[in-house]
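Asks: Here it is, the structure, as structure tokens.
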Amino acid sequence: MSQLQGEIISADAPLSNLGNYEEAYNNFKWEDVEKEFSWYQTGLINMAYEAIDRHVDLGKGGKIALRYSDASRDEAYTFQQMKDLSNQFTNVLRKHGISKGDRVFVFMPRSPELYVSMFGAIKAGAVVGPLFEAFMETAVKDRLEDSGAVAIVTTPALLGRVKIDELPLLKKIFLVGKDLEPIEGIIDYHAVMEQSSPEAEIEWVNREDGLILHYTSGSTGKPKGVYHVHNAMIQHYYTGKVVLDLKEDDVYWCTADPGWVTGTSYGMFAPWLLGVTNVIRGGRFSPSDWYNTIQSNKITVWYSAPTAFRMLMGAGQDVVEEYDLSSLRHVLSVGEPLNPEVVRWGLKVYGQRIHDTWWMTETGGQLICNYPSMPLKPGSMGKPVPGIQAAIIDDNGKVLPPHRMGNLAIRTPWPSMMRLIWNNAPKYEEYFRIPGWYISGDTAYMDEDGYFWFQGRIDDVINSSGERIGPFEVESKLLEHPAVAEAGVIGKPDPMRGEIIKAFISLMDGYAPSEELKAEIAKFVKEGLSAHAAPREIEFKDKLPKTRSGKIMRRVLKAWELNLPVGDLSTIED
Ligand code: WTA
């Protein structure tokens, strides 16, 4: 099926944590992993304890948990300090009436305070909701409203995007900033932290109690709140061990923001469950800054995304040679298809195999991966994590033989599987419409060696630079612009970003197409929703193709764009 199938890069680390893949897979039991946690006896659990406090109890309080840097800060925090600080914030939240099950959101750029607040909230038993700093008013409001958030931690620069007056349930606003002027109704984070004790009683919860809500996009409707529970730690811990291959002395860097599930499952939970030093670099992407981060921190394990690797590749080999990247021993990727070309480049220039991993916000943790001890086929996502049964099935649930394309599906359940879509049971059930299976929405095939190959999405969800964008959310925003009569949004293939957002728009009477109008409309989405949701391309049309029920046919728009046959048009309006 693919001309790349003959190409295999042999295993580079047979002594990795996983060891022989087949052996590990065949002998695996989740229960063996569970037994590594103290709560296995009591049943009472808290992610923050296992990720932070446990290492202090084991005598490793002096070890660096977090190394944070950006253009103006360069700080390190031990596990003991993370324990104390998160306790302080737990006390702050309790003092303000926040308790188990309350939704507490964090909306700020990466900073030590972000991680402290999240763990402080988790210790109080709250469900945390991380938001990208790039979100604008509408994006922020939709998520706070849907989740019924009672508290938010944010910064002075972002506060204006939180429409406090329109969110009656949002009672507490904590503001993280230096030398704040008092504002009525707003709590100064640093001031209250200073007065708070570093001793706190952890809220012990059940394995199935809520941990985190990640909003993500589907093809229809507003973003959905994907709800994960404390039990997910079993998967985070195990995959941290066998996929990230983390060991005691590793220095680990995950480049993802906690607004995205990679930035929590693998930017916070997995490394800290394994007691590993976690590096967080704030600020914007730049090749020299990233290489310098690897060099100056002596990063050993690095987890990033295809768009970033493609941009690094675009920056060329010369810049790589200015840095010493010899500390690296394991490199991984997630979020979009990883081109074989990038894998070959990584091997040549970093001397490293880039290990692709496949999973989703909904799956909570990695499911199909490449492992240091397994031969790697460039372009393939790898094989199921031990404990995970993956298959290609047709729409009736029939398992298809190798090389047949179909739905990429996972046998239910697994420890980090989402437990709810917040406020939306029908949406949740759609994923499980075939009994015994989770239907991912991705299409793929499996080859004769059991490697899975990604083919595409079944729905209209756009993946631009690894960010999932729901066309409906963008279309809704476009329709708020006075010039826009109709809007249809698709993903257009792009060599750097995987896909870019392209909008087809028909204009209201009285508006004429122009480049200025395109720019203005794009800006409108950027400022109302978020930069990554703004169309990079706009095309004006007199009319958009619609079904008789008035639904815009994105499939036809896509066919136009790609010069493909438009297919069955029996449901089209005229
Ligand atoms: C895509 C959370 C190809 C896929 C990590 C999936 C990938 C969606 C890969 C999830 C990969 C993720 N190869 N495609 N290795 N990993 N995807 O929830 O379409 O933001 O369904 O990612 O990203 O996006 P999410």
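The values are calculated or read from the model by the stated rules, or taken from the named source; none is laboratory data. These numbers were taken from a predicted model, which means no experiment stands behind them. Cβ coordinates were reconstructed from backbone atoms using ideal geometry, including for glycine residues, and neighbour counts include every protein chain displayed. For the accessible areas, the whole protein counts, side chains as well, though only heavy atoms, and no ligand, DNA or RNA atoms are used. Shrake-Rupley method; radii C 1.70, N 1.55, O 1.52, S 1.80 Å.
Asks: Quick one: how many residues across the stretch 250-264 are within 8 Å of the chain's Cα centre (by Cα) and either more than 13 Å from the ligand (Cβ to nearest atom) or part of a helix (DSSP H, G or I) (or both)?
Replies: Total satisfying the criteria: 4.
Asks: Inside the stretch 451-473, can you point out the residues that are surrounded by fewer than 23 Cβ atoms within 10 Å (Cβ to Cβ) and among the β-branched types (Val, Ile, Thr)?
Replies: Answer for the stretch 451-473, where residues must be surrounded by fewer than 23 Cβ atoms within 10 Å (Cβ to Cβ) and among the β-branched types (Val, Ile, Thr): Ile458, Val461.
Asks: Scan the stretch 9-49 residue by residue and report those that are in a helix (DSSP H, G or I), farther than 30 Å from Gly346 by Cα and open to solvent by 60 Å² or more (accessible area, probe 1.4 Å).
Replies: Asn26, Glu31, Asp32, Tyr40, Gln41, Thr42
Asks: If Glu430 meets every condition in (1) crowded, with 22+ Cβ neighbours inside 10 Å; (2) closer than 27 Å to Asn231 by Cβ apart from one, which number is that one?
Replies: Every condition holds for Glu430 apart from (1).
Asks: How about the stretch 363-381: which of its residues are closer than 14 Å to Met417 by Cβ, more than 9 Å from the ligand (Cβ to nearest atom) and out of contact with any helix residue (DSSP H, G or I) (no Cβ under 8 Å at 6 or more places or on another chain)?
Replies: Leu367
Asks: Which count do you get for residues in the stretch 383-421 that are out of contact with any helix residue (DSSP H, G or I) (no Cβ under 9 Å at 6 or more places or on another chain) and aromatic (Phe, Trp, Tyr)?
Replies: Summing the residues that are out of contact with any helix residue (DSSP H, G or I) (no Cβ under 9 Å at 6 or more places or on another chain) and aromatic (Phe, Trp, Tyr) in the stretch 383-421 gives 0.
Asks: Right, here's the next one. Just the residues that are part of a loop (DSSP other than H, G, I, E, B), closer than 24 Å to Val334 by Cα and open to solvent by 20 Å² or more (accessible area, probe 1.4 Å), please, taken from the stretch 433-450.
Replies: Result: Glu448, Asp449.
Asks: Ok, one more. What residue, among those in the stretch 351-362 that are touching a helix residue (DSSP H, G or I) at 6+ places or on another chain (Cβ under 7 Å) and either in a loop (DSSP other than H, G, I, E, B) or without any contact (Cβ under 8 Å) to a residue 40 or more places away in the chain (or both), is farthest from the ligand (Cβ to nearest atom)?
Replies: Once the filter is applied, the top-ranked residue is Gln352.
Asks: How many residues does the stretch 201-232 hold that are farther than 17 Å from Leu420 by Cα and either within 14 Å of the ligand (Cβ to nearest atom) or buried (at least 24 other Cβ atoms within 10 Å of the Cβ) (or both)?
Replies: The total comes to 1.
Asks: How about the stretch 363-383: which of its residues are in contact (Cβ under 8 Å) with a residue 60 or more places away in the chain, among the hydrophobic types (A, V, I, L, M, F, W, C) and in a loop (DSSP other than H, G, I, E, B)?
Replies: Met374, Met381
Asks: One residue is enough: does the stretch 382-402 have a residue meeting the conditions within 12 Å of the ligand (Cβ to nearest atom) and within 20 Å of the chain's Cα centre (by Cα)?
Replies: yes
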